[in-house]
Ligand SMILES: Cc1cc2nc3c(=O)[nH]c(=O)nc-3n(C[C@H](O)[C@H](O)[C@H](O)COP(=O)(O)O)c2cc1C
């Protein structure tokens, strides 16, 4: 299975610790292609044809990103708005995601306890990620359970290494 990991972190090669480690772990995997979207498009101008070609070459697409304001960094929204075109991703001629698995790998600064209906955020991570699951459904992809790294603020080297190992297992499935 060919997996495409689209990483949306505004500073993957600089400030990022968690997503940088996860992206490096993904890059070690056979049949996994990692694209650093902010590095590819520092001016925010997405090459739609190149992104569509990358999706078409994949059997599974994973959006990897840090949770920003209970959603994604802005370029991911731009990517969806521009790449998921009518007649390509959806509509009667839009079959690009047919037979494709789709999922997200997110890091959250807050701990898992915060993502409970009785926790600080009042919603579970699955609830917060519903727009991605619904988008997956809308384009006819098969949604896979999200991969989540909690407590990204101050995560220990050991916990981060464990998460990177678990991410490789997630990508190998
Ligand atoms: C603008 C911004 C918004 C954030 N919003 C959230 C949030 O809503 N929930 C949360 O758990 N963490 C939030 N965080 C923390 C990031 O998710 C966390 O710093 C990131 O996952 C760490 O990954 P990195 O080391 O790859 O940057 C936010 C961070 C920034 C910079």
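Where a number appears in this text, it was derived from the coordinates with a stated rule and is not lab data. Predicted, not measured: the structure shown is a model, and the values here were computed from it. Methodologically, a virtual Cβ is constructed for each residue, glycine included, from the backbone with ideal geometry; neighbour enumeration extends over all protein chains shown.
Once you reduce segment 65-134 and segment 23-46 to the center of their Cα atoms, the two points are 17 Å from each other. Shape index of segment 1-70: Rg/Rh, with Rg the Cα radius of gyration and Rh the Kirkwood radius from the inverse mean 1/r over Cα pairs, equals 0.96. Each of residue 59 and residue 71 was given a label point 7 Å from its Cα along the Cα-to-Cβ line. The distance between the two points is 3.4 nm.
How high is the relative contact order of the chain, in percent, with contacts defined as C-alpha pairs under 8 Å that are six or more residues apart? RCO, the chain: 25 percent. Considering helices alone, the calculated mean residue ellipticity of the chain at 222 nm is -10000 deg cm²/dmol, with DSSP H runs of length four and up weighted by -39500 (n - 2.57) and normalised per residue.
Would you please classify the overall shape of segment 64-106 from the alpha carbon gyration tensor, given that a ≥ b ≥ c denote the square roots of the eigenvalues, rounded means a/c under 1.5, and beyond that prolate means a/b larger than b/c while oblate covers the rest? Oblate, since a/c reaches 1.5 and b/c is not below a/b.
Of all beta bridges that DSSP places with both ends in segment 3-172, some 5 percent have antiparallel geometry.
Seen against the Cα atoms of the chain and their longest principal axis, helix 18-27 is set at about 50 degrees.
Here the ratio of the Cα radius of gyration of the chain to 2.2 N^0.38 Å is 1.00.
Once the convex hull of the C-alpha atoms of segment 35-101 is built, how many Å³ does it hold per residue, rounded to a whole number? Show your work: numbers first, answer last.
On the way: hull volume 6.5 nm³, N = 67.
Taking the convex hull of the Cα positions in segment 35-101, it is 98 Å³ per residue.
Among 82, 158, 28, which comes first, second and so on when ranked by fewest other beta-carbon atoms within 10 Å?
Placing the least packed residue first, the sequence is 158, 28, 82.
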